[in-house]
Amino acid sequence: MIKIRPYQANDAEALWHLFFNTVRVVNARDYSQAQIEAWAPESFDMSVWQNKMTDLQPLVAELDDVIVGYCDLQPDGLIDHFFCHHEYQGQGIGRVLMNYILCLADERDVSRLYAHVSITARPFFECFGFSLVNEQKISVRGQELTNYVMERRFE
């Protein structure tokens, strides 16, 4: 059974590896090698990542004590990070995380969720009722990447 728990400071390195490998393996089907390397660089300052995770306070998904995904929900409704382990794709991890976010949004009375979604993740977000706001080009370490601002409103 997939368990969702709050982030702990000692999760930072595992979440970096999950992020890195997921971008390098899963997102590689929609982005060039140069874009992938800019998005998930080989060398990265772990203290910067730890600070980012501390700020995000992500929710961590575990399956049999293995971290298999993570996501966050910011007070304004932003889902800043949403990643499922590259070796656990298609096993319901994303569904469990998104349903958890939807419940949290309801509890917190958040009227709008939004995210900057990769080409790869767009169909997943659409399955959960998110709609396209706009396509955008972002610059990451000298590479231009396409992503989408998507939102889901609650009435």
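The values are calculated or read from the model by the stated rules, or taken from the named source; none is laboratory data. Every value quoted in this text rests on a predicted model; they were computed, and no experiment measured them. Every residue, glycine as well, gets a Cβ built from its backbone with ideal geometry; the counts of neighbours run over all protein chains shown. Remember, those area values only see protein heavy atoms, side chains included, never the ligands or the DNA or RNA. Shrake-Rupley method; radii C 1.70, N 1.55, O 1.52, S 1.80 Å.
Of the residues making up region 106-146, those that are in a strand (DSSP E or B), open to solvent by less than 60 Å² (accessible area, probe 1.4 Å) and under 13 Å from Ile79 (Cβ atoms) number 5. In region 51-74, the residue that is least open to solvent (accessible area, probe 1.4 Å) out of those that are in contact with a Lys or Arg (Cβ under 8 Å, 6 or more places away or on another chain) and either among the β-branched types (Val, Ile, Thr) or touching a residue at least 60 places away in the same chain (Cβ under 8 Å) (or both) is Val60.
Looking at Tyr100, is it within 17 Å of the chain's Cα centre (by Cα), among the aromatic types (Phe, Trp, Tyr), open to solvent by less than 70 Å² (accessible area, probe 1.4 Å) and modelled with pLDDT of 95 or more? Here the answer is no, as Tyr100 does not meet what is asked. Which of the residues spanning region 1-29 are over 16 Å from the mean Cα position of the chain (by Cα) and either free of Cβ contacts under 8 Å to residues at least 12 places away in the same chain or not in a strand (DSSP E or B) (or both)? Those that are over 16 Å from the mean Cα position of the chain (by Cα) and either free of Cβ contacts under 8 Å to residues at least 12 places away in the same chain or not in a strand (DSSP E or B) (or both): Met1, Gln8, Ala9, Asn10, Arg29.
Test Met46 against the stated conditions and say whether it is open to solvent by 20 Å² or more (accessible area, probe 1.4 Å) and either aliphatic (A, V, I, L, M) or touching a Gly at 6+ places or on another chain (Cβ under 6 Å) (or both). Write out each step before concluding.
Working: open to solvent by 20 Å² or more (accessible area, probe 1.4 Å): yes; either aliphatic (A, V, I, L, M) or touching a Gly at 6+ places or on another chain (Cβ under 6 Å) (or both): yes.
The answer is yes for Met46.
Checking each residue in region 75-92 for being buried (at least 22 other Cβ atoms within 10 Å of the Cβ) and over 14 Å from Val23 (Cα atoms) picks out only Ile79. Here Val48 does not fit the description of being touching a residue at least 40 places away in the same chain (Cβ under 8 Å) and not in a loop (DSSP other than H, G, I, E, B).
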